[in-house]
Amino acid sequence: MRARAVGMLLSLAGSAAVVVVTVAALAQGVPRPAQEPSGQGPPPQLGPQGAAPVPGGFELVDPKVLRVCADPNNMPFSNTAGEGFENKIAALLANELGKTLSFTWYPSGGPGFVRRTLAAYRCDLIMGMPQGDDIVQVTNPYYFTSYALVFAPGHGLDGVETLIDPRLKDKRIGVVAGTPPATNLVLDGLMAKAKPYPLIVDTRYDSSTVAMMQDIADGTIDAGVLWGPLAGYYAKQAKSPVTLVPLMKEPNGPRLHYRIGMGVRYSDQEWKRELNRLIKAKQAEITALLQSYGVPLLDESERLIPASSNQ
């Protein structure tokens, strides 16, 4: 759901803004407005006006195999042990399709993830991409979530629902540099005391999310703003109670909620239609799986979906 470029103060201003997920954001699992870093030269022409050539004239390199490109160490999304929710959703789809599942691993924290994976025909699917991204063709969404404010209860922030709450004015808030909520912190006058965490990291060795959650636990910061799947998963892992508040009511800055689909090549029209059919058919199972990882899910009215009692 995926490497998520997280590192700049560019915003998704108003309804005309287009969400473009960069490779660094995929690494963090977080949508952010920017183009994929192009340090390796110009990106491949994947768009409708210049679709990449299709080897042999067909969409999937091997029709008997569901070929997924993913980060080898980026929980809760994916890892080589198959423990991430994207691993498990891919397995669910492969079973439904009657295909063998194969992963191609590539660190998503640096430039070139899409170029070196989907565009190079090393896979036919990237699991987590926000709708509105234009570096790939995105399927219908299979979940809807938001950034979340995370804090330890009992320290004066209980009941806070938005970043404009006056109780946050004197607090030190953690934020991954360059993610959309960094813009909100600037506009809300909270950046002066904020603690930034790096956007571009090698997920095999480092995690801004883990560092931020540790700082919340030991009181280095008062609260943090994290992408919902990261916030929910690591809140479940926390040794001490953590409050998680989806940020759905922000009056300033870019929107902080996104619908997440799957990324395919622009040339793969029938493959996209087949995935859309699968998402619809397996939505209940996908939702239950996501909730088991603590992912805060929203319905179409932008209300939090209660977790199942067996989660």
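What to note about this one:
- Relative to the Cα centre, the charge distribution of the stretch 147-246, modelled as +1 at Lys and Arg Cβ and -1 at Asp and Glu Cβ, gives a dipole magnitude of about 80 debye.
- For the stretch 147-246, share of DSSP beta bridges that run antiparallel, in % to the nearest 5: 55
- Here's how it looks for LEU66: its modeled amide H is under 5 Å from those of THR100, LEU101, SER102, which are all 5 or more places away or on a different chain.
- Distance (nanometres) between label positions extended 7 Å along Cα→Cβ at ALA81 and LYS169: 4.7
- Note that the stretch 174-185 has calculated 3J(HN,Hα) couplings of x, 8, 6, 4, x, 6, x, x, 4, 5, 4, 5 Hz, one per residue in order, obtained from phi through the Karplus relation 6.51 cos²θ - 1.76 cosθ + 1.60 (θ = phi - 60°); glycine and proline are x.
- Descending by average beta-carbon neighbour count within 10 Å, the peptides 153-159, 203-209, 64-70 line up as 64-70, 203-209, 153-159, the highest first.
- Per-residue Karplus couplings for the stretch 151-162, computed as 6.51 cos²θ - 1.76 cosθ + 1.60 with θ equal to phi - 60°, are listed in order as 7, 7, x, x, 10, x, 10, 4, x, 5, 10, 9 Hz, Gly and Pro entered as x.
- Tensor-based shape of the stretch 147-246 (alpha-carbon gyration tensor, a/c under 1.5 rounded, otherwise prolate or oblate): oblate
- Other-chain or far-sequence residues with amide H under 5 Å of ASN79's (modelled H): ASN74, GLY84, ASN87
- Cα centre as origin, Lys/Arg/Asp/Glu Cβ charges: the stretch 226-311 dipole, Debye: 80
- Label sites at SER292 and ARG273, each approximated as a point 7 angstrom past Cα along Cα to Cβ, lie 3.3 nm apart.
- Distance between modelled label sites at THR100 and ARG204, nm, 7 Å Cα→Cβ extension: 2.5
- Charge sum, other residues only, whose C-beta stays under 13 Å from VAL245's C-beta, Lys/Arg counted +1 and Asp/Glu -1: -2
- Proximal aspartates and glutamates to LYS88, defined as alpha-carbon separation beneath 19 angstrom and excluding residues fewer than eight positions away on the same chain: ASP71, GLU96, ASP124, GLU274, GLU285
A short reminder: the numbers here are calculations on the coordinates, not readings from a lab. Predicted model only: the values in this text are computed from it and were never measured. Please note: Cβ atoms are built from the backbone with ideal geometry, for glycine as well, and neighbour counts cover all protein chains shown.
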